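To start, the structure itself, in structure tokens.
The values are calculated or read from the model by the stated rules, or taken from the named source; none is laboratory data. This structure is a prediction, so every number in the text was calculated from the model and none was measured. Positions of Cβ are backbone-derived with ideal geometry, glycine not excepted, and every protein chain shown enters the neighbour counts. Just so you know, the surface numbers come from the protein's heavy atoms only, side chains and all, with ligands and any DNA or RNA stripped out. Shrake-Rupley method; radii C 1.70, N 1.55, O 1.52, S 1.80 Å.
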Amino acid sequence: MKKAGVVGHPVAHSLSPKLHGYWLKHYGIDGEYKAYDIAPENLAQFFETMEAQGFVGCNFTIPHKERALELVDIADDLAVAVGAVNTVMVKDGKTVGTNTDVAGFYENLKPYVSRLAAKDKQKAVVLGAGGAARAVVVALRQLGFGSIIVTNRSADKAEALARQHGLISLPWNEREAALLDADLLVNTTSLGLAGQPPLELSLATLPAHAIVTDIVYKPLMTPLLEAAKARGLTVVDGLGMLLYQAAPGFAAWFGRDPEVTEELRAHILGA
Ligand code: ATR
């Protein structure tokens, strides 16, 4: 039986076991995927013993993604560009790390971006400059956005991200002005997450064709997405990114390309 799992701290809230468990059952695969709570000081040892413990690989989540990049034997270009590893494969005794958050965001947005006219998929605005924002900007380039504006409460982080990826950074208090003519707005901050304050932002200046997406998926319809919907804008929730980012790991570990379906979404959203 093939064994994989998600490693985090804390990890009990992770939806990944439910997600991979659904696919294992759906495809009749003899595999196992569990959550492992590993404290940061024990992460290096976990990596060293991953193969001996019988893992074909693992996902790494908060707070381990940056450290996982340092601990893998081999990191691919995407993981290096994002500065974080969330998926590891054990291959020929070596740990190989990649970042599937980029593909997760890309696949979730692609159908919506494809529907826009070429002139309406130029400018994207990214709120936040943390780990998630780094994956999002790489995906935005792949989606064809030529002008990417990043704005963050801590200006230094927005400026560093902008330098690394050739973006424009704007002060956080000018975020509303950035929305004028924006084709896509992405929230990567934790604002709007259950228990966190909502994001304060008027969407009045966004053009009618604009897409608004949030990587927060608890609640599924964040106050930002509700406001966008009320204005009649196209809204893309964050659950799709979670589902799509899981697919490449599942395929590598268990040998089957899994599908993201409405039934899977309903299963994950169910209690
Ligand atoms: P993740 O890996 O999910 O991106 P992170 O690296 O901790 O998590 O980033 C969280 C993001 O939410 C950051 O952009 C953070 O802004 P700072 O860099 O200024 O910390 C943003 N964020 C969190 N709380 C915020 C708040 N109250 N107001 C504005 N931005 C906030």
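For the chain, the carbon plus sulfur part of the accessible surface works out to 52%, probe radius 1.4 Å. Close amide H contacts of residue 215 (hydrogens built in the peptide plane, cut-off under 5 Å, sequence separation of 5 or more or a different chain): 187. Solvent-accessible surface of the chain, taken per residue with a 1.4 Å probe and all protein chains present: 45 Å². Between the beta carbons of residue 110 and residue 159, assuming R0 = 30 Å, the FRET efficiency works out to 0.55 to the nearest 0.05. Taking a straight line from the alpha carbon of residue 94, these aspartates and glutamates sit under 14 Å away, with near neighbours fewer than eight places off in the same chain left out: 48, 51, 70, 73, 76. Summarising the amide proton neighbourhood of residue 193: residues at separation of 5 or more, or on other chains, whose placed amide H is nearer than 5 Å comprise an empty set. Label-to-label distance, residue 205 versus residue 267, with points set 7 angstrom from Cα along the beta-carbon direction: 4.5 nm. Each Lys and Arg contributes +1 and each Asp and Glu -1, all at the Cβ; summed about the Cα centre of the stretch 113-271, the dipole is approximately 240 debye. Were the residues from residue 119 through residue 52 laid out at 0.36 nm apart, the gain over their Cα-Cα distance would be 18.8 nm. Between residue 177 and residue 34, the simple spin-label model (points 7 angstrom out along Cα→Cβ) gives 5.5 nm. Comparing 150, 58, 85 along the charge dipole axis of the chain, the residue lying farthest to the positive side is 150, per the Cβ-charge model. Here the simple spin-label model places points 7 Å from the Cα toward Cβ, and for residue 42 and residue 18 these points are separated by 2.5 nm. Using θ = phi - 60° in the Karplus curve 6.51 cos²θ - 1.76 cosθ + 1.60, the 3J(HN,Hα) couplings for the stretch 59-73 round to 8, 10, 10, 3, x, 9, 5, 6, 5, 4, 4, 6, 8, 6, 5 Hz; x is entered for Gly and Pro.
Comparing Cα centroids, the stretch 26-68 and the stretch 77-113 end up 15 angstrom apart. Each residue of the stretch 232-238 was assigned a 3J(HN,Hα) from its phi angle through the Karplus curve 6.51 cos²θ - 1.76 cosθ + 1.60 (θ = phi - 60°); the sequence is x, 7, 6, 10, 10, 7, x Hz, with glycine and proline shown as x. Charging the Cβ of each Asp and Glu at -1 and of each Lys and Arg at +1, and nothing else, the dipole of the chain about its Cα centre rounds to 380 debye.
Which of the residue pairs 34/91; 65/229; 34/218; 119/157; 110/218 have a Cα-Cα distance greater than 25 Å in the structure shown? Listed pairs above 25 Å: 65/229; 119/157. Charges were assigned to the Cβ only: +1 to each Lys and Arg, -1 to each Asp and Glu. The resulting dipole of the stretch 129-191 about its Cα centre is roughly 260 debye. Converting phi to 3J(HN,Hα) with the Karplus coefficients 6.51, -1.76 and 1.60 and the offset θ = phi - 60°, the stretch 112-120 yields 6, 5, 4, 6, 7, 5, 3, 6, 9 Hz in sequence order, with x at every glycine or proline. Please compute, over every Cα-Cα pair in the stretch 159-271, the percentage with a separation greater than 22 angstrom. So the portion of pairs separated by more than 22 Å is 45 percent.
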